[in-house]
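Asks: Would you mind keeping the following structure in view while I ask a few things?
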Amino acid sequence: MKKKFKFDIKIILTSILLLLTLIPLFSQIAAFADPAGHNPMFDYLSDIEKADMNVVKKFLFTNENIISLTFLAIIMGFFILVLLDLIIRKKSTHILICFFGAILASAYALTRSIYCFQTGSISLVSGFTYAVSSICFLVLSIFFIKKTFDGDCGIWYYILLIVGGLLFFFSSATSSSYSILNAYSHSNDVVYWTGYAVSRFYLLLIALLAFINISCDYFPSNEIKEVKAIN
């Protein structure tokens, strides 16, 4: 039976998230266009360094910013795919979106974990919790497939969803990562705020996918339950 297209809260929420990703994107574009005006350490550079544009824009090519820009581009594309999935309303695309969404969150957490371990010091705590949340999201994707086709592992799916989400939030909210408490010292730091935004986008992605799974009427498990109820 062909399902009618309709706007719902999930489409609206995904659209808002997609629009919000434009804020750090435009900030980065502005920083690349005027690196001197966006370099938080520009006033501390010597006159010779200020005259060297390669030195001035070096802050835009750090590992931290490269990670943030890469995963910002990925999640922008993924939010577009989520929108298409919600509009098309096909079970096959829905399963793929939810599966790869968890894989994507796991990949981001793993990348941040490696970065934190390389940074060392207090970042080791964030690196460890990022690593555990990455494992949670990876296993979560497997449990999602099993829950979808077999109806098993439903409880473990939600347990890992909650545990992984909390660990991910803790990792991205520590003083060594992207804590809002450190905002006062990063008022003109486009690299910090891009990383902050990207970390929150991936946390919201997990929450969005969980909401889609619970509320969608075309979620495979719901259809199985309906068939059993009829029989």
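The values are calculated or read from the model by the stated rules, or taken from the named source; none is laboratory data. Bear in mind the structure is a predicted one, so any value in this text is a computation, not a measurement. Here the Cβ is made from the backbone with ideal geometry for all residues, glycine too, and neighbour counts use every protein chain on show.
Asks: Could you list all residues from the stretch 50-82 that are at pLDDT 90 or above, crowded, with 19+ Cβ neighbours inside 10 Å and over 16 Å from S199 (Cα atoms)?
Replies: Listed by number, the list holds a single entry, V82.
Asks: Let me ask something else. For the stretch 96-119, does any single residue satisfy the condition of being touching an Asp or Glu at 6+ places or on another chain (Cβ under 6 Å), crowded, with 16+ Cβ neighbours inside 10 Å and over 27 Å from N188 (Cβ atoms)?
Replies: The answer is yes, given that some residue of the stretch 96-119 is touching an Asp or Glu at 6+ places or on another chain (Cβ under 6 Å), crowded, with 16+ Cβ neighbours inside 10 Å and over 27 Å from N188 (Cβ atoms).
Asks: Here are some residues: S171, S199, S123. Which one is under 17 Å from S106 (Cβ atoms) and either surrounded by fewer than 21 Cβ atoms within 10 Å (Cβ to Cβ) or modelled with pLDDT under 90 (or both)?
Replies: Of S171, S199, S123, the one residue that is under 17 Å from S106 (Cβ atoms) and either surrounded by fewer than 21 Cβ atoms within 10 Å (Cβ to Cβ) or modelled with pLDDT under 90 (or both) is S171.
Asks: Kindly indicate which of D47, D34, D85, D43 is closer than 25 Å to I142 by Cβ and either buried (at least 16 other Cβ atoms within 10 Å of the Cβ) or over 24 Å from the mean Cα position of the chain (by Cα) (or both).
Replies: Details: D47 fails: closer than 25 Å to I142 by Cβ; D34 fails: closer than 25 Å to I142 by Cβ; D43 fails: closer than 25 Å to I142 by Cβ.
Checking each option against the conditions leaves just D85.
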